[in-house]
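Everything on this sheet refers to the single structure shown next.
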Amino acid sequence: MIEQDTPVALVTGAARGIGKGVAASLLRAGWSVALTDIDEAAGQAAAEELARLCDAAGRIEFIVMDVADEASVMACLERVEEDFGRLDGLVNNAGIADPDNGPVEQLSLEAWNRLLGTNLTGPFLVSKHSINLLRESTGAIVNVASTRALQSEANTEAYASSKGGLVALTHAMAVSLGSAVRVNAVSPGWIDTRDPRQQHSDPLRQIDHQQHPVGRVGQPEDVGAMVVFLLSPAAGFITGQNLIADGGMTRQMIYVE
Ligand code: NAI
């Protein structure tokens, strides 16, 4: 039985990687979590694993949702209302996380639309259908963008555009929703999302870590800590912002030696 005052978060794309790490951080901070993903088998397994690992006071439940499909989004939000009775935090994390689209002159409209449909239209749809519940609790939204909203490698137009659009969607919704629902973005840099066993057996190179001013590549919990803060009352004076968690990479000048 959940306490009536346990806050409830919905995390999209939480079957693995950053979303699963964010869900773990929220559970450890005392939230209940509606864990959602398009991948039903992996999502169920993640929910079971987190329930075992996190020893959480809150409740965890998996709900299947394709963020790019409005009917699926509406059905998921109905389930959240029925099963949890409230929503205090939304984390728009689901995304096609592979930035390489090949040469832009060969990028098909279909591939462009598929990526934008998940990474940008998805957060719009899930936010749209969450706002009524979030208003009731004076809740908050965190969008998981990327430092690629601000800087690029070659051949990443669709992904960079989706994340730049998501940062803009963040400040637009923040201004529209005002004091009712705060809206912020987190922009991670390089996050190692492989499971801990694989990170141990196939470690990254020292140079991968050392190129970061903080001396290491990021972990999903680094993003989780930012999300916990941004969803909490401690962040009550912050809205419309894009907070960067990249170990300092976007602050470092690089000259050829
Ligand atoms: P991942 O590929 O490990 O996990 C993404 C999850 O989203 C998967 O479980 C997948 O099934 C789900 N998903 C994909 N399409 C979906 C849809 N239409 N509806 C619902 N769920 C869907 O990716 P990762 O690395 O954990 O990334 C998570 C977020 O963080 C993404 O938005 C990504 O762009 C962003 N990000 C990741 C960085 C990294 O270094 N890993 C850096 C910066 C941003």
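The values are calculated or read from the model by the stated rules, or taken from the named source; none is laboratory data. This is a predicted model, so every value here is computed, not measured. Glycine gets a Cβ as well: all are built from the backbone with ideal geometry, and neighbour counts include every protein chain shown.
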When you scan the stretch 1-70 for strands (runs of 3 or more DSSP E) that lie fully inside it, which ones turn up with 2 or more residues that are within 16 Å of the ligand (Cβ to nearest atom) and within 13 Å of residue 228 (Cα to Cα)? 8-11
Whether any residue in the stretch 227-242 is assigned to a loop (DSSP other than H, G, I, E, B), within 17 Å of the chain's Cα centre (by Cα), of a type outside the set (Asp, Glu) and under 21 Å from residue 100 (Cβ atoms) is what I want to check. no
Any residue at all in the stretch 90-101 that's closer than 28 Å to residue 174 by Cα, assigned to a helix (DSSP H, G or I) and modelled with pLDDT of 95 or more? no
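This table checks each residue for (1) within 25 Å of residue 13 (Cα to Cα); (2) charged (D, E, K, R).
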| residue | (1), (2) |
| --- | --- |
| 164 | yes, no |
| 186 | yes, no |
| 189 | yes, no |
| 220 | yes, no |
| 223 | yes, no |
| 231 | yes, no |
| 234 | no, no |
| 242 | yes, no |
| 257 | no, yes |
Can you name every residue in the stretch 172-216 that is within 16 Å of the ligand (Cβ to nearest atom), part of a helix (DSSP H, G or I) and closer than 24 Å to residue 151 by Cβ? 208, 209
Just to be sure I understand the filter: pairs with C-beta atoms under 7 Å, separated by 6 or more residues or on different chains, first member in the stretch 71-86 and under 12 Å from residue 133 (Cβ atoms), second member of a type in the set (Ser, Thr, Tyr). Which pairs pass? 76/36; 77/130; 84/32; 86/137
Restrict the check to the stretch 48-60 and report whether at least one residue is in contact (Cβ under 8 Å) with a residue 24 or more places away in the chain and under 16 Å from the mean Cα position of the chain (by Cα). no
